[in-house]
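Asker: Have a look at the structure that comes next, please.
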Amino acid sequence: MELDWRVCSRARLSRDPRFDGKFYIGVVGSMVYCRPICPAPTAKEKNCRYFATAAAASEAGFRPCLRCRPECSPGTPAWLGTSNTVSRALRLIGESGLEDGGVESLAERLGVGSRHLRRLFLRHLGATPMAVAQTRRLHFAKKLIDETRLPMGQIAMASGFGCVRRFNAAIRKVYKRTPTQIRRLVRQKGTPSENQYRFRLNFRPLYHWEGALSYLAARATPGVEAVDNGCYRRTISLHGGDGYLEVSLDAEHDALVARIEFGDPQLLFFIVERVRAMFDLNADWATIVRTLKPDPSLAPAMEADPGLRVPGSWNGFELTIRAILGQQVTVKGATALAGRLAARFGMSFAGPPGLTHLFPTPEVLADANLAGIGLTGARAETIRTLARAVASGKIDFEGVVDTETFLQHLCEVPGIGKWTAQYVAMRALREPDAFPSSDLGLLRALKLKSYRELESRAEAWRPWRAYAAMYLWRMGARLSAEQGRLPKKSEKRNFGGLISRDQDSLAV
Ligand SMILES: [Zn+2]
């Protein structure tokens, strides 16, 4: 990625939070690298070097600043259109690090040569895949030192160093301090109980928290998810362990606060990355606005509600089941169905108010008798077929590299069509350009007559069509609320032949 030093310089001098995580400043002399928002006195321009990533700054010999804490900056935005391979690689490194097999196996999964991947990384991120993975690991270790009370031995393991000796050596080399000395620098508040962790996860403003929350609230599966008092809460289950998490807004710090209760600290990295994806914290609002706002049909909504994100999901399987339940019923109806499914087939869970169950596993749903929940026979069969495919490993929502192929496999399940696939791509695979163009709600929001018209209109919104969809749904919901009703049957009939069979036709 070519950094424009004039833009970087302006952002640095004004400490513009919209650029946080988009570049780093290395200060020659102190050899420290900072975020654009660093509160430390600004260095002279001639002493500043600009880097696209923390890893690049680190490779050039700079150390992370202890004041602005580069490990807390929002993630690298996805450079769609510039290099899909790099953004996919970053997603894979985020999901599982580079632990198994290193760069070679990463390149193989992406279908490119490892030398080519290295070149792509150097060109777009200014650092090798190995350096990017190592920086992430180090940053996460630093976050665990600062924000938790985990013993250092456990931090070494949880951040992927394998042993305390390597962890100590890496921290000392970079920070010129021992892990214990670093921990002494931060004053931790309160005494969290055992297995409880609290992380502050930064985003680049603007962030429309109310928008994210109300979207999730309408779709929250009773017993598994709950939204109240500005807080999203849900049960989680991972590698045989279970727990819950709670996410709320810390507007003052441009951050969300995630409170996690989970037994195995080894999985914290994965959980935190998943929360970051769920709440779309890597999105670069400034770039999205530039593409979408020129469209006069989107501009007023974007002006009224800036910073809307695409809410992701905790678990791709769960989201797909939820999408199937939502086919051709209201959001409210689908939520009730999901609640009945969870109460009947999910493991019970003793959690905070509102959380009573874990979402049912693929293994349980594979042979579940879904009669009595209120589903049609065909839809029950779709759920069982999907559950069997996931249980057998034929469909795997983790580490998806080739979205198109994945969606093709998904559509082989009878009852899953284009709408569901695009919805899954949007929310489970985090494809910013996914777009359920056969959605009646989208059509209604734009007062268009045909899906073809909608598709051609949406061309101008690439590569951010998923964000456009979020705005259109919000516009549709507002329209319905103003009219105080959902579309009548007669109106639905007007769209008769247009509704695809698997569509969540009232997903407004
Ligand atoms: Zn700094």
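Asker: Under a 1.4 Å probe, what is the accessible area of the chain per residue, stated in Å²?
Answerer: With the other protein chains kept in place, the chain gives 44 Å² per residue.
Asker: For the range 260-290, list residues with backbone N below 16 Å from a point placed 7 Å from the Cα of ARG10 toward its Cβ?
Answerer: Correct set: 286-287, 290.
Asker: So for the chain, taking the charge dipole from beta-carbon charges (+1 Lys/Arg, -1 Asp/Glu), which of LEU106, PHE203, ALA350 sits furthest toward the positive end?
Answerer: Positive-most Cα among the choices belongs to PHE203.
Asker: Now a separate question. Can you pull the percent of the range 1-158's accessible area that's carbon plus sulfur, 1.4 Å probe, other chains left in place?
Answerer: C and S fraction of accessible area: 51 percent.
Asker: Once you sort the root eigenvalues of the Cα gyration tensor of the range 31-160 as a ≥ b ≥ c, which label holds: rounded (a/c under 1.5), prolate (a/b larger than b/c) or oblate (the other case)?
Answerer: oblate
Asker: Next question, about the same structure. With just the Cα atoms of the range 318-465, tell me how far they stretch along each of the three principal axes, in Å, largest first.
Answerer: 47, 33, 32
Asker: Right, here's the next one. Between GLN266 and THR405, with labels modelled 7 Å along Cα→Cβ, what's the label distance in nm to one decimal, could you check?
Answerer: 2.9
Asker: Need the full-extension length gain, GLU482 to ALA251, defined as separation in residues times 0.36 nm minus the C-alpha distance. One decimal, nm.
Answerer: That pair, GLU482 and ALA251, stretches by 80.2 nm at full extension.
Asker: Further question on the same structure: Toward the positive end of the charge dipole of the chain, about the Cα centre and with charges on Cβ (Lys, Arg +1; Asp, Glu -1), which of ALA43, LEU292, PHE269 goes farthest?
Answerer: ALA43
Asker: From the cross-link list LYS44/LYS176; LYS142/LYS173; LYS142/LYS176, which pairs have alpha carbons spaced over 20 Å apart?
Answerer: The answer is LYS44/LYS176.
Asker: With a 1.4 Å probe and every protein chain left in place, tell me how much accessible area GLU303 has, in Å² to the nearest 10.
Answerer: Answer for GLU303: close to 120 Å² accessible.
Asker: Considering only ALA368, MET475, PHE397, whose Cα is most displaced toward the positive end of the charge dipole of the chain, charges sitting on Cβ of Lys, Arg (+1) and Asp, Glu (-1)?
Answerer: MET475
Asker: While we're looking at this one, here's another question. Quote the charge dipole size of the range 1-87 about the Cα centre in Debye, to the nearest 20; the model charges only the Cβ of Lys and Arg (+1) and of Asp and Glu (-1).
Answerer: 340
Asker: Here's a follow-up. Please list TRP314, TRP5 from largest to smallest accessible area, probe radius 1.4 Å, with all protein chains kept in place.
Answerer: Reading off the accessible areas and sorting them downward yields TRP5, TRP314.
Asker: Would you mind counting up the charge near LEU446? Only other residues with Cβ under 15 Å from its Cβ, with Lys and Arg at +1 and Asp and Glu at -1.
Answerer: It works out to a net charge of +3.
Asker: If you filter the range 150-229 for trypsin sites (Lys or Arg not before Pro), then keep DSSP loop positions with at most 15 other Cβ within 10 Å, what is left?
Answerer: Passing sites in the range 150-229 are LYS176, ARG177, ARG187, LYS189.
Asker: Where does the charge balance sit around ASP254 when Lys and Arg score +1, Asp and Glu -1, over other residues with C-beta under 15 Å from its C-beta?
Answerer: So the surrounding residues net to +3.
Asker: In addition: Near GLY75, within a Cβ-to-Cβ distance under 12 Å, what is the net charge of the other residues, with Lys and Arg +1 and Asp and Glu -1?
Answerer: +1
Asker: Just order 406-418, 439-451 by mean Cβ neighbour count inside 10 Å, highest at the front, would you?
Answerer: With the highest mean Cβ count within 10 Å placed first, the list reads 439-451, 406-418.
Asker: Oh, and also: Dipole magnitude of the chain about its Cα centre, charges +1 at Lys/Arg Cβ and -1 at Asp/Glu Cβ only, in debye to the nearest 20?
Answerer: So the magnitude is around 1420 debye.
Asker: Rounded to whole Å and sorted largest first, list the principal axis extents of the Cα atoms in the chain.
Answerer: Taking max minus min along each principal axis of the Cα atoms, the chain gives 72, 49, 47 Å.
Asker: Give the calculated FRET efficiency between LYS46 and ARG290 to the nearest 0.05, with a Förster radius of 51 Å applied to their Cβ-Cβ distance.
Answerer: Approximately 0.95, to the nearest 0.05.
Asker: About the Cα centre of the range 291-353, what is the dipole size in debye to 20, counting +1 per Lys and Arg Cβ and -1 per Asp and Glu Cβ, all else neutral?
Answerer: Its charge dipole is roughly 320 debye.
Asker: Continuing with the same structure: What is the distance in Å between the Cα centroid of the range 1-64 and that of the range 190-260?
Answerer: For the range 1-64 versus the range 190-260, the Cα centre distance is 30 Å.
Asker: Only bridges with both residues in the range 3-125 count here: give the DSSP antiparallel percent, nearest 5.
Answerer: Taking every DSSP beta bridge with both residues in the range 3-125, the antiparallel ones total about 70 percent.
The values are calculated or read from the model by the stated rules, or taken from the named source; none is laboratory data. Keep in mind it's a predicted model, so treat the numbers as computed, not measured. Positions of Cβ are backbone-derived with ideal geometry, glycine not excepted, and every protein chain shown enters the neighbour counts. We work out accessible area using only protein heavy atoms, side chains counted, and drop any ligands, DNA or RNA first. Shrake-Rupley method; radii C 1.70, N 1.55, O 1.52, S 1.80 Å.
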